[in-house]
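Everything below concerns the one structure shown next.
The values are calculated or read from the model by the stated rules, or taken from the named source; none is laboratory data. Because the structure is predicted, anything quoted here is derived from the model rather than measured. Using ideal geometry, Cβ is built from the backbone for each residue, glycine included, and neighbour counts are taken over all protein chains shown. Just so you know, the surface numbers come from the protein's heavy atoms only, side chains and all, with ligands and any DNA or RNA stripped out. Shrake-Rupley method; radii C 1.70, N 1.55, O 1.52, S 1.80 Å.
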Amino acid sequence: MSKTDSFKLLHVEDSETDAFLISRHLQNNNFDIKLAKCRSEFECLVATNQFDLILCDHYLPDLNSEDALNIVRKKDPYIPFIILSGALPPGVAVKLMDNGANDFLYKDRPERLGPAILNALSKRKLEKERLQLQKQILYSENRFRKLVESAQDIICILNREYRITYHSPSIEKLVNVDGEIFGENILDIINFENPQRFSELLRECKNSADRLEEILDFRRSDSHSIYKIILKNHLDDEGIDGIIVKFRDITNDRLKDKSLQEKDEKLRAFYENSIDGIILAKTNGIITSANPAMCVMFGMQESELTGLHRSAIVHTDENRVAELLEERRISGKAKSELELIKKDGTVFPAEVSSSIIPFNRNGRRLKKTATIIRDITEHKEHVRQINDTAQKLQYAEKIARIGYLELNLKENTVYCSGEVSNILDIENCNELKVEEFRSLVLEEDLYIFEDIKSSVLNRGDTKNIELRIHVCKSEIRWLNVIVSPLMDGDEIVGGKGTLQDITEKKLNFEKLAISENRYKSLIQSQTNYFVRLDTKGNFTYCNQRYIDDFGWLYPGNNPIGENSLIDSLPSQYEKIQETNAKCLKNPFRNYQIDITKLGKNEHNKATIWDIVFLKSDNGESELQCVGIDISDRVKAEDENKFQANILSKIGQGVVATDAVGNIKYFNAAAEKIYGWKYEEVKDENLVELMFPDLYESDLLKEILEKLSYDHTFSSQYNGRKSDGTVFPVQITMSGILDQEGSLSGVICIFSDISRLKKSENKLRELNENLTSYTNELVSANKGLEQFSYIVSHNLRAPVANIIGISEIIADEDIDSDMRDKLQCDMLNNVKRLDTVVRDLNNILKVKADYNNSRELVDFQCLTDNVIHMTGALISEDQVTIKTNFSDFKSMLTSRSYLHSVFYNIILNSIKYKHPERELILQISSRSGKEFNTLTFLDNGLGIELGKNREELFELYKRHHHHIEGKGMGLFMVKTQLDLIGGKISLESEPNEWTKITIQFPNKVVNSKSENP
């Protein structure tokens, strides 16, 4: 969307200040904005239908955004509609969005308005384009459908099972069933006289991309018709996905032509059945007739071709037409290849033969032209494919060093392909005689050549042999020759076949044989185990070392053919089978496994094996295994592990040093605690490296002196890890004394007590929290007792009155006037009881609905919203409200609860204003070290606190009785502040002022959690 585009916006807003701010914010966006302040102005402007977007406030005196949205949608369901409001519950916003609003924004976030408007306008533009495109598609579909339905030809579309997916209405002429035919198999509902041919035609079309045509007779009980059937395979076309079948009723045409066909049967048979297209034309090039092949070729009816000039079917870029016409003018006939164009615009190559035919009519000598056109597209493609195949064959012969050879013994000639000349190193093998070719064969292999001659000539066998020949420079080459009989009629006159140079293959086989012999010698002589297994796990080869150690477990001391699990412990079977399975799934990938083998005299052998699966396409795949006897190594490692594990298993760090503190041993636990490896700290000073504070103090000398007297020292210090982290450590030291009693080393045992320290701190914190929670619980319990007392008191009085009145009414002696008065009193008490129950329900609902969800609440916006809600009272009572939130502007809390607090306090100030002066209410905030404070100060009636101080925030406690009220306002304020972590206090001077102070601890105000 261009930034220079101008758009008309309708802004629905009753506040001129808000409208001015929004207009000013959008002044750089090239918007033409009209303002509607009430419902009547809005409806008049919407009726003009001249706006690109509606921007609407949620609250207006006589209109809300939901009604405005309904009015707009009835006029234009697609015009963008954005709600802009100071405060709107999320549930209402979601409902409006579901009903068709495009977006919802708060007024305190004007920076989002411009992008939101541009986004909505962009979506509107895209929607218009989509609807227009959809309209065009429907128009095209209707036009195509009307065209098909109005055509005389019968058209239908079949799926792969020949079931009808579409048909024109005129198909009823052909079908032999009543009712709907969609989904029916066309072979079941149309009866041609030759249904088999129709079925074959469908199969041919299904397997071909060509256009197929056929004429079939159709007979019903009362009529006989002839139809021309045209089929085209569009199964792979996404838009059609079917076979298009067109039935054209040509019965009348056939009847008209019948007499002419009988007179000119032979010519017409040629003309009609020719696979080539034939046209008759005047000498000026106007076509007068065209045969069916011509029509099929060009995709046109004969009636369409008739009357056309020959240039209409010639490609406009074809320059050889003039040459053809000139040659025909001179000689009376001409032939050439031209590029022609079909009805659908397809250009194709054709062989064109044209002749001038003279004839007499009414004594006049006239001339016509007859032109035969043959579509040579397939011929050209076949030629191209043949040439392409020949090139590929030549390339394949060159790569494979293989060629074609013919030896004609009867004519003593040799024919061979070019690659044979390269193999034989002869410039032209076709000049050779049979005996000259024979002379190339190595003398030792002449018997093979003669055997081929005998087998092929006498028995007609096909032979596959290998022999050697001489080439230039005394080089010998190996050839693989496959020869079969060369026939001349029924006579075998020689041999033909392929000749391939396999010299390199032979040399590689010789090298492979040498390598294999060396390999076998190496395997037999090595001290490692070497075996091969088939895919079932049976031995196919074992070297001598393996037989010497494990052959005694197999019959005849021979493992070949036996299962390889026999010489392993049963506990190893599953592990071995799993490893073999992995190898079989991943050929040529090496896997390693430890296997305990059965040994002589119950001394089992520990072995380690490398196993790889060598996969072969000729069915000779095998598992190749190389193993080592590691029994001695395992025994030594087990002894070392047993000794090393004594210290490594200890969860505490163990360090040994010499007499001056240089590290000589550092166990695994110490590595884990400090983050150093033993190699990094070896010969480093323990105290200097890990206890720098201790190293720099005089305490180290005292410790070393104690250790020199064989004392043990234990204490807690701060240690240092490899990354510099300092952490608490419990250390115990013990000295190592030599034979003379001198200190030769120190054993130190360390324990990381970070968790212990954290647990102690956590326990201390929990104790403090428990004390705090206990105090809160005591406070809540006192509030509950007070609440219970008030509730029981306010419920008991009306209930007692109802019971007493009921007993009096039950007395039959009272007169009717007294009974009516008592019933009226009872109704008043029931209403009092209902009022108390409703108040209790509202109080409990406030507590039950609190869900701890918090958001950032701006005090000024909150105050403006309350002023907006109480606007009528403020105007009527001459109220001035002053605010100053510069020190403490907002906090994370429950918006709805804090809104209720502001609303009740402001409303109370207005209700209890001094009748002799204008009410001035000052609302301010202050930020402190421990608390953040909100203050409400007014110059109203004030409260006498002497006797009312303890009852200020109790339920149903009223301090002014000349104004209607229930005494719930301050109680609800305190209840909601308790829930959001606030404390309230009140000071007042009767007839002078009232000051309400609300404090929030900093931990409540500064918390960033949405759900603490």
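Filtering segment 380-394 to residues that are more than 22 Å from Val347 (Cβ to Cβ) and among the hydrophobic types (A, V, I, L, M, F, W, C) leaves Ile386, Ala390, Leu393.
This table checks each residue for (1) exposed (fewer than 12 other Cβ atoms within 10 Å of the Cβ); (2) modelled with pLDDT of 80 or more; (3) over 29 Å from Ser900 (Cα atoms); (4) basic (Lys, Arg).
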position	(1), (2), (3), (4)
Lys3	yes, no, yes, yes
Glu13	no, yes, no, no
Ala36	no, yes, yes, no
Leu45	no, yes, yes, no
Glu66	no, yes, no, no
Val72	no, yes, yes, no
Asp76	no, yes, yes, no
Leu88	no, no, no, no
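Conditions tested, residue by residue: (1) under 48 Å from the mean Cα position of the chain (by Cα); (2) over 20 Å from Asp237 (Cα atoms); (3) among the aliphatic types (A, V, I, L, M).
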| position | (1), (2), (3) |
| --- | --- |
| Ile154 | yes, yes, yes |
| Ile157 | yes, no, yes |
| Arg163 | yes, no, no |
| His167 | yes, no, no |
| Val175 | no, yes, yes |
| Ile181 | yes, yes, yes |
| Asp217 | no, yes, no |
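Sort out which residues of segment 733-767 are assigned to a loop (DSSP other than H, G, I, E, B) and either in contact with a strand residue (DSSP E or B) (Cβ under 7 Å, 6 or more places away or on another chain) or aromatic (Phe, Trp, Tyr) (or both), and write them in order of number. Within segment 733-767, Asp738, Ile753 meet the criteria. Just wondering, is there one or more residues in segment 500-510 that are without any contact (Cβ under 8 Å) to a residue 24 or more places away in the chain and aliphatic (A, V, I, L, M)? Checked against the condition, which is being without any contact (Cβ under 8 Å) to a residue 24 or more places away in the chain and aliphatic (A, V, I, L, M), segment 500-510 yields at least one hit. Does Ser336 meet the test of being buried (at least 18 other Cβ atoms within 10 Å of the Cβ), in contact with a Lys or Arg (Cβ under 6 Å, 6 or more places away or on another chain) and not hydrophobic (A, V, I, L, M, F, W, C)? So Ser336 does not fit the description; no.
Determine if segment 858-871 includes at least one residue that is crowded, with 17+ Cβ neighbours inside 10 Å, modelled with pLDDT of 85 or more and in contact with a Leu (Cβ under 8 Å, 6 or more places away or on another chain). Yes, segment 858-871 contains at least one residue that is crowded, with 17+ Cβ neighbours inside 10 Å, modelled with pLDDT of 85 or more and in contact with a Leu (Cβ under 8 Å, 6 or more places away or on another chain).
Farther than 25 Å from Thr870 by Cα and in a helix (DSSP H, G or I), is that true of Asn28? So Asn28 fits the description; yes.
Residue count for segment 581-610 under the criterion of being farther than 15 Å from Val626 by Cβ and either open to solvent by less than 30 Å² (accessible area, probe 1.4 Å) or not in a loop (DSSP other than H, G, I, E, B) (or both): the result is 11. All conditions in (1) open to solvent by less than 30 Å² (accessible area, probe 1.4 Å); (2) at pLDDT 90 or above hold for Leu324, with the sole exception of (2). Of everything listed in (1) without any contact (Cβ under 8 Å) to a residue 60 or more places away in the chain; (2) touching a Gly at 6+ places or on another chain (Cβ under 8 Å); (3) open to solvent by 60 Å² or more (accessible area, probe 1.4 Å), the single unmet condition for Asp253 is (2). Close contacts from segment 163-186, counting a first residue that is open to solvent by 40 Å² or more (accessible area, probe 1.4 Å) and a second that is of a type outside the set (A, V, I, L, M), with Cβ to Cβ under 6 Å and a gap of 6+ residues or different chains, come to Arg163/Gly183; Arg163/Asn185; Thr165/Asn159; Thr165/Gly242; Pro169/Glu149; Asn176/Asn191. Confirm whether Ile576 is out of contact with any helix residue (DSSP H, G or I) (no Cβ under 8 Å at 6 or more places or on another chain) and either in contact (Cβ under 8 Å) with a residue 40 or more places away in the chain or part of a loop (DSSP other than H, G, I, E, B) (or both). Judged against the criteria, Ile576 is not a match. Put simply, of Lys367, Lys433 the only residue that is modelled with pLDDT under 85, in contact with a Ser or Thr (Cβ under 8 Å, 6 or more places away or on another chain) and assigned by the TED database to the domain that holds Leu324 is Lys367.
Taking segment 907-934 as the range and being open to solvent by less than 30 Å² (accessible area, probe 1.4 Å) and touching a strand residue (DSSP E or B) at 6+ places or on another chain (Cβ under 7 Å) as the test, the residues that pass are Ser909, Ile910, Leu919, Leu921, Ile923, Ser925, Asn932, Thr933, Leu934.
Does segment 375-382 include one or more residues that are surrounded by fewer than 16 Cβ atoms within 10 Å (Cβ to Cβ), modelled with pLDDT of 85 or more, outside any loop (DSSP other than H, G, I, E, B) and β-branched (Val, Ile, Thr)? Scanning segment 375-382, I find at least one residue that is surrounded by fewer than 16 Cβ atoms within 10 Å (Cβ to Cβ), modelled with pLDDT of 85 or more, outside any loop (DSSP other than H, G, I, E, B) and β-branched (Val, Ile, Thr), so the answer is yes. Among the residues of segment 315-354, just one is touching a helix residue (DSSP H, G or I) at 6+ places or on another chain (Cβ under 7 Å), among the hydroxyl-bearing types (Ser, Thr, Tyr) and closer than 13 Å to Gly277 by Cβ, namely Ser354. Exactly one residue out of Ile226, Ile230, Ile244 is touching a strand residue (DSSP E or B) at 6+ places or on another chain (Cβ under 6 Å), open to solvent by 30 Å² or more (accessible area, probe 1.4 Å) and outside any helix (DSSP H, G or I), and it is Ile244.
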